[in-house]
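The values are calculated or read from the model by the stated rules, or taken from the named source; none is laboratory data. This is a predicted model, so every value here is computed, not measured. Here the Cβ positions follow ideal geometry from the backbone for every residue, glycine too, while neighbour counts run over all protein chains shown.
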Amino acid sequence: MERFDGLAGAMAQPTGGQQYGDLVIVATGAEGGPGPDAVWIGRVGDGGYGWSGWSGIGEPAGGARPCRPAVARGAGGLLEVVVVSQDGAVWYVREDGSAAGWSAWQSLGQPGGEPVVAAHVGSRPPDPAPVLISHADESLEIFVVRNDFTVWHICQVQPGGTWSGWESLGRPGGQHVGTVGPLVAGINTDGSLELFTTDNNGAVQYCRQLQAGRDAWSGWEPLGSPTGHLAGPRLAVVRNNKGELELFMVGPGGTLWHRWQLQQVDVWSDWSSLGQPALGSQHFEVADVTVAVDRSGGLVLWATSPVPAPASPGSPPWLWFRTQGRPGTPWAEWQEYPLKAGSTTTRPVEGPVLTVRVTQLVLLLRESDTANIYLIDQVANDVSGTTDWGYEYVPF
């Protein structure tokens, strides 16, 4: 394997004598240098051991774009994977319960007959990564950005069945603005969806489903940006223990900001800063962020830096994390997490994803332009909020 370009993860259904399903890691990547990506699957056993190695499940016609895939559990608890092909169409593959494991790839076409976004806006590159949501009834819905900076979606008519046609959600920020992505989505306690992105003018926009399971949306509404700061494209969203969505945004200067719903779905707090990681007097920019709910009910977030820290020859990549400990309590200070196992490079680590294995969180991330993948397990997580992390795996 030459490199991996995107990661996603989900828990599979238990099989045989398993108490829990495997953690399934889905990656897009290329062998033998530049070229279209294929899609790869790896599994970690339900006891936390037994790395399966990588196995290819093919790719859409012409190959996949080098971006993050999307994976979710659909009908019957079987996993479905969605990627974008080189020609800007959306493709999917699903577990089929057979010995082969996966169906053939199937195309959902280009949204509205035009390709998924590939255009730059100034120095901002497009992010064509699809968003895949599993509803309470196990039907799936996909969201993408089209090349005219509009957002589109398509949903299953019934779980595991046929798909509707593509429908437009319009252009975030208004007729002359739009977005190049990425998109992130959250689910309210009533099952309705909310979709977030940063528009091409540097403001966060959101669009909400007016009723769970209904194809009626609010239109795009502004969440703006912190006073005196533009919004950056890196976003993460989570539903906290009070049932409120909380949104995290990395500003262009590498400062992390967040805001959250105030009991009502369409009422939000002001932006609040979570600052930058620091070692002594030296501060480090945040490049990307991922966030999840801990078993204690508080939130935990992980962030990457655009360069390793400390920036000295031979230093391994570093990560940073902050935790709430208990629900609604103040955030603890930033803590550094130097990668150790198998890391012999100073390349940045990218694409962090928090997922759940059984009751513990797992962080997935990749080393830039390599085939190195890191899995960092939560190895202690009690109800008092005490959390440790470790046991790094480096599959190739």
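Here A332 qualifies as more than 21 Å from R43 (Cβ to Cβ), at pLDDT 85 or above, hydrophobic (A, V, I, L, M, F, W, C) and surrounded by fewer than 20 Cβ atoms within 10 Å (Cβ to Cβ). If you check S305, S225, S218 for being closer than 30 Å to Q175 by Cβ, at pLDDT below 95 and either of a type in the set (S, T, Y) or in contact with a helix residue (DSSP H, G or I) (Cβ under 7 Å, 6 or more places away or on another chain) (or both), only one passes: S218.
Selection of strands (runs of 3 or more DSSP E) fully inside the range 4-88 by the criterion of at least 1 residues being of a type outside the set (D, E, K, R) and more than 23 Å from A136 (Cβ to Cβ) returns 23-30, 38-44, 79-84. Whenever a residue of the range 29-55 is closer than 13 Å to E2 by Cβ and aliphatic (A, V, I, L, M), its partners that are part of a loop (DSSP other than H, G, I, E, B) and modelled with pLDDT of 90 or more, lying with C-beta atoms within less than 6 angstrom and at least six residues away or across chains, give the pairs A38/E59.
Report yes if A64 is over 22 Å from D369 (Cα atoms), among the hydrophobic types (A, V, I, L, M, F, W, C) and under 22 Å from the mean Cα position of the chain (by Cα), otherwise no. Judged against the criteria, A64 is not a match. Consider the range 138-164 and keep the residues that are polar (S, T, N, Q) and in contact with a Cys (Cβ under 9 Å, 6 or more places away or on another chain). The one that is surrounded by the fewest Cβ atoms within 10 Å (Cβ to Cβ) is S164. Checking A203 against (1) buried (at least 20 other Cβ atoms within 10 Å of the Cβ); (2) aliphatic (A, V, I, L, M); (3) in contact with a Ser or Thr (Cβ under 6 Å, 6 or more places away or on another chain): exactly one of these is not met. Which one? Evaluating A203 over (1) buried (at least 20 other Cβ atoms within 10 Å of the Cβ); (2) aliphatic (A, V, I, L, M); (3) in contact with a Ser or Thr (Cβ under 6 Å, 6 or more places away or on another chain) leaves (1) as the failure. Please determine whether any residue of the range 24-43 is touching a helix residue (DSSP H, G or I) at 6+ places or on another chain (Cβ under 7 Å) and surrounded by fewer than 21 Cβ atoms within 10 Å (Cβ to Cβ). Scanning the range 24-43, I find no residue that is touching a helix residue (DSSP H, G or I) at 6+ places or on another chain (Cβ under 7 Å) and surrounded by fewer than 21 Cβ atoms within 10 Å (Cβ to Cβ), so the answer is no. Please indicate, with yes or no, whether at least one residue in the range 256-271 is in contact with an Asp or Glu (Cβ under 9 Å, 6 or more places away or on another chain), surrounded by fewer than 16 Cβ atoms within 10 Å (Cβ to Cβ), in a loop (DSSP other than H, G, I, E, B) and modelled with pLDDT under 90. Scanning the range 256-271 turns up at least one residue that is in contact with an Asp or Glu (Cβ under 9 Å, 6 or more places away or on another chain), surrounded by fewer than 16 Cβ atoms within 10 Å (Cβ to Cβ), in a loop (DSSP other than H, G, I, E, B) and modelled with pLDDT under 90. Annotation for the range 239-249: no member residue is surrounded by 13 or more Cβ atoms within 10 Å (Cβ to Cβ), in a loop (DSSP other than H, G, I, E, B) and either among the aliphatic types (A, V, I, L, M) or modelled with pLDDT of 95 or more (or both).
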